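Participant: Handing you this structure, nothing more for now.
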Amino acid sequence: MGLFDNIFRPSPNKSSAALAKERLQIIVAHERGSRRGSPDYLPALKKELLEVVRKYVPVDQSQIKVHLDREGGYEVLELNITLPDEEPQSRRGLEISRGNGQG
Amino acid sequence: MWDGNLATVIVVTSGKGGVGKTTTSASFATGLAQRGYRTVVIDFDVGLRNLDLIMGCERRVVYDFINIINGEANLNQALIRDKRVENLHVLPASQTRDKEALTKEGVERVLNELRQNFEYIVCDSPAGIERGALMALYFADEALVVTNPEVSSVRDSDRILGILASRSRRAEQGEAPVKEHLVLARYAPERADRGDMLSVEDVLEILGIPLLGVIPESSTVLQSSNAGVPVILEDGSDAGAAYGDLVDRFLGKNLPHRFITTQKKGFLKRLFGGG
């Protein structure tokens, strides 16, 4: 029914160009993200680092945070491990950075 | 004495095929030469030579780009001097060799030799993102990204922009990035007005690079390629005039964009055609 179509179809008057633009914006943003976003080695790196740390200190999966940042021409890889409460100094930070970054 | 370091290498690229790279390369190079700049246009489409046909010099090809890279001929033997426009030369692609012959060292050596004699070196890229296309853009200082107002072309152009930003020599050496220019070709203002085609603004918003020129869809482009005459040389053609503006803008003139709004055709113009 014409009337129902007009009410229930999502924006029936949207031009095909508007649709094209919307689709492009989504796909282009997605593809740019995978090009420039976090590298695919990040999850594996996180897992292995955690394994190494666990050899010495019992830490939980949730106690390790890996973050990659880009500022200007620098990439900063920030790694934060919260060690369990044993010593007076309960929280120690570990940082690996490239360029002039700091976590 | 001309200082070769000042030569500018411009790649005409797009990712997608059939959007007007060779048409743009031919007219852009011709326009630069018409304005007095010593210009050479190189066909990087090894295996599928086309630029010579569009430039109308296909019967004068003796040696090609790969012959030069392999040292089988020297540049003077291979460069074809345009008969219509002074200062304009064409370096054709090889039809027989495969793309592997296009080595980075070989291309660099030829470009460095060309830099001694030319102010503008225009590299006509093949479609795709393989070796020929990567070599055509690797040494570029500036890039004309040819795009049609159509989804796959816009997406591929975005892809090429990513490659320019990461895999060009400038990117690898950490120099100033390749200067990007958008050339929106085959544009039909009346279809954009109707909402049937992405508008200039839509494409600009998505790609986010400066607009160098809009080339209207025009039957003259096919006619001029039939005749082997770069469309910029066709007097009275909209597409030719748009390329003329594009070249002037590239050289620093501040010209408004024409052919981006619907023109009401008069009765006589409708009767006898135009553009």
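Participant: So how many residues does segment B:182-202 have that are more than 9 Å from chain A (Cβ to nearest Cβ) and either open to solvent by less than 20 Å² (accessible area, probe 1.4 Å) or of a type in the set (Val, Ile, Thr) (or both)? Even if it seems obvious, please write down each step before you answer.
Facilitator: Going residue by residue through segment B:182-202, those that are more than 9 Å from chain A (Cβ to nearest Cβ) are B:182-190, B:193, B:200-201.
Checking which are either open to solvent by less than 20 Å² (accessible area, probe 1.4 Å) or of a type in the set (Val, Ile, Thr) (or both) leaves us with B:182-185, B:187-189, B:200.
Of the residues in segment B:182-202, 8 are more than 9 Å from chain A (Cβ to nearest Cβ) and either open to solvent by less than 20 Å² (accessible area, probe 1.4 Å) or of a type in the set (Val, Ile, Thr) (or both).
Participant: Kindly state which helices (runs of 4 or more DSSP H) lie completely within segment B:1-101 and contain at least 1 residues that are open to solvent by 30 Å² or more (accessible area, probe 1.4 Å) and in contact with a helix residue (DSSP H, G or I) (Cβ under 6 Å, 6 or more places away or on another chain). Step through it out loud before you land on a result.
Facilitator: On the way: elements: B:21-34, B:51-55, B:65-69, B:75-78.
So the answer is B:21-34, B:51-55.
Participant: Could you list, in sequence order, the residues of segment B:128-155 that are more than 14 Å from every other protein chain (Cβ to nearest Cβ), in contact with a strand residue (DSSP E or B) (Cβ under 9 Å, 6 or more places away or on another chain) and small (Gly, Ala, Ser)?
Facilitator: B:Ala133, B:Ala136, B:Ala140, B:Ala143
Participant: Please specify each residue of segment B:197-226 satisfying the condition of being over 17 Å from the mean Cα position of the chain (by Cα) and within 22 Å of A:Arg23 (Cβ to Cβ).
Facilitator: Keep residues of segment B:197-226 that are over 17 Å from the mean Cα position of the chain (by Cα), which gives B:197-208, B:218-220, B:223, B:226.
Across segment B:197-226, the qualifying residues are B:Met197, B:Leu198, B:Ser199, B:Val200, B:Glu201, B:Asp202, B:Val203, B:Leu204, B:Glu205, B:Ile206, B:Leu207, B:Gly208.
Participant: Scan segment B:141-151 and give yes if some residue there is surrounded by 24 or more Cβ atoms within 10 Å (Cβ to Cβ) and touching a Lys or Arg at 6+ places or on another chain (Cβ under 6 Å), otherwise no.
Facilitator: Yes, segment B:141-151 contains a residue that is surrounded by 24 or more Cβ atoms within 10 Å (Cβ to Cβ) and touching a Lys or Arg at 6+ places or on another chain (Cβ under 6 Å).
The values are calculated or read from the model by the stated rules, or taken from the named source; none is laboratory data. All values reported here derive from a predicted model rather than from experimental measurement. Backbone-built Cβ (ideal geometry, glycine too); neighbour counts: all protein chains shown. Just so you know, the surface numbers come from the protein's heavy atoms only, side chains and all, with ligands and any DNA or RNA stripped out. Shrake-Rupley method; radii C 1.70, N 1.55, O 1.52, S 1.80 Å.
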